[in-house]
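Please treat every number below as a calculation from the coordinates, not as lab data. Source: prediction; values computed, not measured. In this analysis, Cβ positions are derived from the backbone assuming ideal geometry, glycine residues included, and neighbour counts consider all displayed protein chains.
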There are 2 protein chains.
Amino acid sequence: MAEGPTIEAIREARRRIAPSIHHTPVFESASLNRSTGARLFFKCENLQRTGSFKIRGATNAIFSLPAEVAARGVVTHSSGNHGAAVAYAARQRGIPAWVVVPRDAAEVKRAAIADFGAEVLLCEPTLASREAAAREVIERTGATLIHPYDDDRIIAGQATAAAELIEDAGGLDLVLAPVSGGGLLAGTAIAAQSLEPRIRVVGCEPARADDAWRSLRSGKLERNERSDTIADGLRATLSERTFGILRERVEAIVRIEEEEILEAMRLVGERLKLVIEPSAAVAAAGALLGKLDVANERVGIVLSGGNLDLRRFFPSP
Amino acid sequence: MAEGPTIEAIREARRRIAPSIHHTPVFESASLNRSTGARLFFKCENLQRTGSFKIRGATNAIFSLPAEVAARGVVTHSSGNHGAAVAYAARQRGIPAWVVVPRDAAEVKRAAIADFGAEVLLCEPTLASREAAAREVIERTGATLIHPYDDDRIIAGQATAAAELIEDAGGLDLVLAPVSGGGLLAGTAIAAQSLEPRIRVVGCEPARADDAWRSLRSGKLERNERSDTIADGLRATLSERTFGILRERVEAIVRIEEEEILEAMRLVGERLKLVIEPSAAVAAAGALLGKLDVANERVGIVLSGGNLDLRRFFPSP
């Protein structure tokens, strides 16, 4: 039987990370409520420090380390939001951080990680090269690996977003979160069902990287054949740990097409006036585009992040 | 000597409109503070009801009408945010509203006005046709004209945004607002200088519709030769009333180029995660792009609205 962090570990994570993170607001839109027939509560992790929920797990993991372990620093491999979150949280704790980034990652992401004070280590864009680079740092420095999702401290940290959402919305029937490696969705499910057992939790996943949807159907961990979705934060695959939790606690996974991701970004931009990244739009699409029957339900949606390069969308005239 | 509404009229407007509008939040960005060397306080009128500050003036004007006058309804000519605001405020008061809209206005704007319950009257896209259509309604129904800016009740209503901003930010050196017909900027200047006389107020205007900049230089009301700026909310020109107030109270007008408007939209989107319309980006550009020396200053910026058609920016893949 899968376990994952307990609700007590999630409560401890809330206390631990409270001084370092924003308690983000919950937004509503009268017009989106009207058009869906639901009450939709959008948890604005795009407004979180570093621009995504990832700072919750990273801060919980890094601030959990005993002082003498922390002093040797932390390492991770991620060119995205988790890399920036580890860099930020390590600086908050005053310890060194190394972030392994593939050579082909966007320069802007590399710069963000360096801006937060981490040492960026370039590697080849393969899993083997990334893992080797991280291992080399660990052997050389004694740094601790902060995995993006396969870690109960990370899952407990990510769970705190849903815990805040459920409290602030005051009663929900359904919570939607995006799924990639499964840390956010697993934490969301544990938090929701521990706080209000009747809440249903549904994951939203790009159809182009639907390993979670296939894994829950087949009953075993599936891989992605392709990972070219615009939702660049959702290209990872479940681990045994997150798969075990999702299998037990998640009602369903809905798959979102590429054009639906863009449509949800537009709707959230036009109605809520919020910039969200495509990964967050995957969760919003689950509620906004008729993918699920949400009529008359109180639905929480974790808008997981807001980091994207708008030069792509707002070209110069 | 120009007068405009008093600070007491602005205080009264706050009380009058409080039940109908949002007290919008003030956002900050650590990275924008770092990059400008200032403390920037963004007043989020993009998150206001109807998506812009215009609801403040419209609500103040419409709720100021004596009952028997109000009962005959209100009329305005505007295809943009003021039209939607008048429609919304009239519905709140339970009275009829007619909004004259040029035939060539975007269908989405027309639909928004009709959604708020107003009767949309189409006219030719000329000032003469618009005014004739409004006059016809007034003669037929006895409705009251709600002018978008040439009205002290409107100016007092728009002033309430700056009043909230100054209170919430806790002390400012400089306030920036966009200028078109001048209602928002005039109200901002009166509110700011009545509440904290040392605050400087600067208007921001598209270089392509710079009548306010030219009027303040020449000392007489100037017209715009062209009005093809992307900032579609800033194409109107000052009235004698607003010009008089600005001449007395505004330190300067800065002109913003089209590419700077887009750059400011991008920066606000990427750093604050907020969707703002080009007119609001004009004010943001004043602080963000080195147009003014803001180093070490506490600067309030009125993000006037967030209504735009994102299909233009987020095309389908």
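Taking a ≥ b ≥ c as the square roots of the eigenvalues of the Cα gyration tensor of the stretch A:172-222, is the shape rounded (a/c under 1.5), prolate (a/b larger than b/c) or oblate?
Here the stretch A:172-222 falls in the prolate category.
Put a label point 7 Å from Cα along the Cβ direction on B:R312, then list its distances to the equivalent points in the other copies in nm, shortest first.
Result, one decimal in nm: 2.2.
Once amide H atoms are built 1.01 Å from N in the peptide plane, which residues 5 or more positions from A:F41, or in another chain, come under 5 Å H to H?
Amide H to amide H, under 5 Å and 5 or more residues apart or across chains, A:F41 pairs with A:V299, A:G300, A:I301.
Would you please state which residues of the stretch B:191-212 a label at B:E248 would reach in this model, taking the label point 7 Å out along Cα→Cβ and a backbone N cut-off of under 20 Å?
The answer is B:191-203, B:212.
What percent do you get for the relative contact order of the stretch B:1-152 when only Cα pairs under 8 Å and 6+ apart count?
With pairs under 8 Å counted, the relative contact order is 20 percent.
By how many degrees, 0 to 90 and rounded to 10, does the Cα axis of helix B:152-169 deviate from the longest principal axis of chain B?
So the inclination is approximately 30 degrees.
Applying the Karplus parametrisation 6.51 cos²θ - 1.76 cosθ + 1.60 with θ = phi - 60° to the phi angles of the stretch A:276-285, what ³J(HN,Hα) value in whole Hz is obtained for each residue in order, glycine and proline being reported as x?
Calculated HN-Hα couplings, in order: 10, 7, x, 4, 5, 5, 4, 5, 4, 4 Hz.
State, in angstrom, two size descriptors of the protein assembly as shown derived from its alpha carbons: Rg to one decimal place and Dmax to the nearest whole number.
Cα only, the protein assembly as shown: 26.1, 86 Å (Rg, Dmax).
Ordered shortest first, which distances in nm separate the 7 Å Cα→C-beta label point of A:G171 from those of the other copies?
In ascending order, 4.5 nm.
Work out from phi, with θ = phi - 60° and the Karplus expression 6.51 cos²θ - 1.76 cosθ + 1.60, the ³J(HN,Hα) of each residue of the stretch A:31-41, listed in order in whole Hz, and give x for Gly and Pro.
Once rounded to whole Hz, the list reads 6, 6, 4, 4, 6, 9, x, 10, 9, 10, 10.
For A:R103, project a label point 7 Å along Cα to C-beta. Then give me every residue of the stretch A:226-261 with its amide nitrogen under 13 Å of that point.
Label zone hits: none.
Could you name the residue in chain B with the C-beta closest to the rotation axis that superposes chain B on chain A, along with the separation in whole Å?
B:F313, 2
So in the stretch A:55-145, what percent of DSSP beta bridges are antiparallel if you round to the nearest 5?
Values: 0 of 11 bridges.
For the stretch A:55-145, the DSSP antiparallel bridge percentage is about 0.
What ranking of A:L47, B:L288 emerges when the number of other C-beta atoms within 10 Å of each C-beta is taken as an exposure proxy, fewest first? The partial results should precede the final answer.
Numbers: A:L47 21, B:L288 25.
Listing A:L47, B:L288 from fewest to most nearby Cβ atoms yields A:L47, B:L288.
Please identify the longest segment of chain B free of exposed trypsin sites (Lys or Arg not before Pro), where exposed means a DSSP state other than H, G, I, E or B and no more than 13 other Cβ atoms within 10 Å.
Answer from the scan: B:1-102.
Would you tell me the mean number of C-beta atoms belonging to other protein chains that fall within 10 Å of each C-beta in B:272-280, as a whole number?
5
Taking a ≥ b ≥ c as the square roots of the Cα gyration tensor eigenvalues, with a/c under 1.5 meaning rounded and otherwise prolate when a/b beats b/c, else oblate, which class fits the stretch B:129-216?
Details: a/c = 3.64, a/b = 1.75, b/c = 2.08.
Judged from the Cα gyration tensor, the stretch B:129-216 comes out oblate (a/c at least 1.5, b/c at or above a/b).
Using alpha carbons only, what's the Rg to Rh ratio of the stretch B:189-263 with Rh from Kirkwood?
Taking Rh as the inverse mean 1/r over Cα pairs, Rg/Rh reads 0.99.
Grab the DSSP H runs of chain A that are 4 residues or longer, score each as -39,500 (n - 2.57), total them, divide by all residues and round the 222 nm result to the nearest 500 deg cm²/dmol.
For chain A, the value works out to -13500 deg cm²/dmol.
What is the mean number of Cβ atoms from other protein chains located within 10 Å of the Cβ atom of each residue in peptide A:263-269, rounded to a whole number?
Partner Cβ neighbours, averaged per residue: 4.
Give the nm distances, rounded to one decimal, from B:V108 to the matching residue in every other copy, measuring between label points 7 Å along Cα toward the beta carbon; shortest first.
Its label point is 2.1 nm from the equivalent points in the other copies.
Quick one: P(r) of the stretch B:55-145 from all Cα-Cα pairs, 10 Å bins, percents rounded to integers, in order of increasing distance.
Result returned by the calculation: 20, 54, 25, 1.
So what is the relative contact order of the stretch A:189-288, in percent, for Cα pairs below 8 Å that sit 6 or more residues apart?
Details: 143 pairs, mean separation 32.0, N = 100.
Relative contact order for the stretch A:189-288 comes out at 32 percent.
Could you tell me what percent of the DSSP beta bridges with both partners in the protein assembly as shown are antiparallel, to the nearest 5?
10
Treating chain A as a set of equal point scatterers at the Cα positions, no solvent, please give the Debye-formula log₁₀ I(q)/I(0) at q = 0.12, 0.13 Å⁻¹.
Summing over Cα pairs of chain A leads to -0.74, -0.88.
Post the alpha-carbon centroid distance, the stretch B:1-44 to the stretch A:127-195, in whole angstrom.
38
Looking only at GluC sites (Glu not before Pro) in DSSP loops with at most 15 other Cβ atoms within 10 Å, what is the longest site-free stretch of chain A?
That would be A:29-224.
Per residue and in cubic angstrom, what volume does the convex hull of the Cα atoms of the stretch B:194-317 have?
124
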